[in-house]
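Novice: Take this structure first; my questions come after.
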Amino acid sequence: MQKVVSILLILLMFYTFTAFSINANAAVSSQPLEIRSESAVLIDAVSGQILYQKNMNKKMYPASITKIMTGMLALEKGDLSQVITMSYDAVFSIDRNSAHIALDADEEITLEQALYALSIASANEAANGIAESIGGSVENFVEMMNKAAIEAGAENTNFTNAHGLPDDNHYTTAYDMAKIASYALKIPKFIEIFGEERYDIPPTNKQSETRMLWNRNNFLNGGIPYEGILMSKAGWTSDAQHTLVTAAKRGDTTLVAVVMKSANSNDKWEDTTALFDYGFNVFTPVKISKERLEKSAPTEIVAGDNSKISTTFTAPSDVSILIPSGKTIDNVSITYGDPEIDERKNQAQITVCISLDDSYITGSPTELVDVDINMNAQIELLESGWTAFNSSVQKNTSSETNSMMSLFFRFILIGAIVLFFIRRWNITRRRIHRKRLLHRRQSNKY
């Protein structure tokens, strides 16, 4: 027997976008992208939609782009005015040939000053000082870094230090760094600090002169003028080679570009510029209205017990995506996956795939966006007056009643059989007793 349950599903939309990969054979751009860096990715910072990727999930050494995570955590957990007292280990545990601003043991600077040293001068001892101040120890801070990476969606990342100097177990991917950077852009003061060209640290208790910091990042110091640059952080070690994370915004579109293991400095600048040109020039932002999402959503769900559940979807907002120029919203199709529903918790979950109808890269529809939609379900009363919960209870109660009745009749049947055999045994005993008495009487006559 089927039941029909009416459910109001409120869509709480958390977007997780799958790889929309444009390779060198992409037919959209008149000049195919030629990215020389070993790994690269370009994503929309707001939605997470991937516009281009090359080996984006390959684990690689990040070098100083690690400091994006260090700075992000410091801004989230610390106070810019708090004073950092540099420990001996924080200062002298790093290679003195690596980037630093000559801080000394027991020198006092504020967290804000340390963050500018981190972002502009890529100071490794400042990274250690920040880690000790925020985490209590470098080890604790590293745990915080890895936890934050997971929260940002970075699944192939493991940090072992706060600065990015070489360690076999210190690695990430271009895609993970794009996710981390996208998360960091939302943190107050992050763009300001990681987008600054210069900063002065006034005299301290250990240094009588002002430290003047100048950024060598060409996107920030005017070396490579590019419209819309928000922030940029470069890195280099002999193992990692050149790495670069940059964010840029034009109009309502914010893109994050990551390149890793660039063989030389020019490659990282040119590859990043090519990625941004591609993203801003080839793609156009469009919105899929909440009405369209609601209209195309499934109206009936089959539950685990094969019962049919009538559904009405209410989307909280439009979905913003980027599509290639020359395409329109009419070229976009929406496909819903198999819903999962838990009637006991009144919750359901469904995945939506947004794709282009016609050929873009290959002959098959190109998947643009994979959207995870978490839905809260509130069960309404049926026409019969029973809710799905009551129907379930009624079903369970009926089942329990039938089980009790079945057990009762079994006891009655067993009892009847036992009584039958007892009666038969008593009758048999009487017959045997009568025969014995008769036999004795006949024996006494003779």
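Novice: Express in nm, to one decimal, how much length is gained between K186 and S208 on full extension, taking 0.36 nm for each residue of separation and deducting their alpha carbon distance.
Specialist: Full extension of this stretch gives 4.3 nm more.
Novice: Rounded to whole Å, give me the distance from the Cα center of region 101-164 to that of region 33-95.
Specialist: 11 Å
Novice: At E155 and K59, where each label point lies 7 Å from the Cα along Cα→Cβ, what is the point-to-point distance in nanometres?
Specialist: Each label point is offset 7 Å from its Cα along the Cβ direction, giving 1.5 nm.
Novice: Next question. Going down the table (K54/K147; K58/K147; K186/K206; K179/K261; K186/K290), which pairs top 28 Å between alpha carbons?
Specialist: Values: K54/K147 26 Å; K58/K147 20 Å; K186/K206 35 Å; K179/K261 18 Å; K186/K290 25 Å.
Distance filter (> 28 Å) returns K186/K206.
Novice: Determine the order of R430, R96 by accessible area, beginning with the largest, at a probe radius of 1.4 Å. It would help to have the intermediate numbers written out before the result.
Specialist: Values: R430 130, R96 90 Å².
The ranking, largest first, comes out as R430, R96.
Novice: Given the Cα-Cα distance of T328 and S310 and 0.36 nm per residue of separation, how much length would full extension add, in nm? Walk me through the numbers on the way to the answer.
Specialist: Values: separation 18, 0.36 × 18 = 6.48 nm, distance 3.23 nm.
Contour length minus the Cα-Cα distance gives 3.2 nm.
Novice: Note down the nm distance, to one decimal, between modelled labels 7 Å out along Cα→Cβ at I224 and at N146.
Specialist: Placing both labels 7 Å beyond Cα along the Cβ direction yields 3.3 nm.
Novice: Further question: If L185, L322 are ordered by their accessible area, calculated over protein heavy atoms with a 1.4 Å probe, which sequence runs from highest to lowest?
Specialist: Values: L185 30, L322 5 Å².
From most accessible down to least: L185, L322.
Novice: Here's a follow-up. So how exposed is Y183, as accessible area in Å² (1.4 Å probe, rounded to 10)?
Specialist: Y183 has an accessible surface of roughly 70 Å² with all protein chains in place.
Novice: So how do V418, V142 rank on accessible area, 1.4 Å probe, biggest first, that is with the largest at the start? Mind dumping the intermediate values first?
Specialist: Working: V418 75, V142 15 Å².
Solvent-accessible surface, decreasing: V418, V142.
Novice: Let me ask something additional. Can you work out the Karplus-derived ³J(HN,Hα) for every residue in region 196-209? Use 6.51 cos²θ - 1.76 cosθ + 1.60 with θ = phi - 60°, whole Hz, and x for glycine or proline.
Specialist: Working through the residues one at a time gives 7, 8, 8, 7, 10, 9, x, x, 10, 5, 10, 10, 7, 10 Hz.
Novice: Another question about this same structure. May I ask you to compute the full-extension gain from V302 to N266, defined as 0.36 nm times their residue separation minus their alpha-carbon distance, rounded to one decimal in nm? Could you put the intermediate results ahead of the total?
Specialist: Values: separation 36, 0.36 × 36 = 12.96 nm, distance 5.70 nm.
So the chain would gain 7.3 nm between V302 and N266.
Novice: Residues with beta-carbon under 13 Å from that of D277, excluding D277: net charge, scoring Lys, Arg +1 and Asp, Glu -1? Write out the running numbers ahead of the final one.
Specialist: Working: positive: R250; negative: E34, E227, E270, D271.
Around D277, the charge tally is -3.
Novice: Right, another one. H242 accessible area, nearest 10 Å², 1.4 Å probe?
Specialist: Surface accessible to solvent at H242 totals approximately 30 Å².
Novice: Show the residues, 5+ positions off or on another chain, whose built amide H is closer than 5 Å to the amide H of L51.
Specialist: Amide H neighbours of L51: L42, I43, D44.
Novice: Sort 113-123, 202-212 for me by packing, meaning the mean count of neighbouring Cβ atoms within 10 Å per residue, highest on top. Let's see the in-between values first.
Specialist: Details: 113-123: 26.3, 202-212: 12.5.
My ranking of the peptides, most packed first, is 113-123, 202-212.
Novice: Quick check: at a probe of 1.4 Å, how many percent of the accessible area of region 45-87 sits on carbon and sulfur atoms?
Specialist: Working: 690 of 1500 Å².
Of all accessible area on region 45-87, carbon and sulfur atoms account for 46 percent.
Novice: Name the long-range amide H neighbours of V302: under 5 Å, sequence gap of 5 or more, or other chain; modelled H, no Pro or chain starts.
Specialist: Distant-sequence amide H within range of V302: I309.
Novice: As a test question: what accessible area, to the nearest 10 Å², does D277 have when a 1.4 Å probe is rolled over all protein chains in place?
Specialist: 60 Å²
Novice: Same structure again: Applying the Karplus parametrisation 6.51 cos²θ - 1.76 cosθ + 1.60 with θ = phi - 60° to the phi angles of region 232-242, what ³J(HN,Hα) value in whole Hz is obtained for each residue in order, glycine and proline being reported as x?
Specialist: Karplus values, whole Hz, x for Gly and Pro: 7, 9, 9, x, 7, 9, 5, 7, 7, 6, 8.
The values are calculated or read from the model by the stated rules, or taken from the named source; none is laboratory data. What you see is a predicted model; the values in this text were computed from it and never measured. Cβ sites come from the backbone with ideal geometry, for glycine too, and all protein chains shown count toward neighbours. Ligands, DNA and RNA are excluded from the accessible area calculation, which covers all protein heavy atoms including side chains. Shrake-Rupley method; radii C 1.70, N 1.55, O 1.52, S 1.80 Å.
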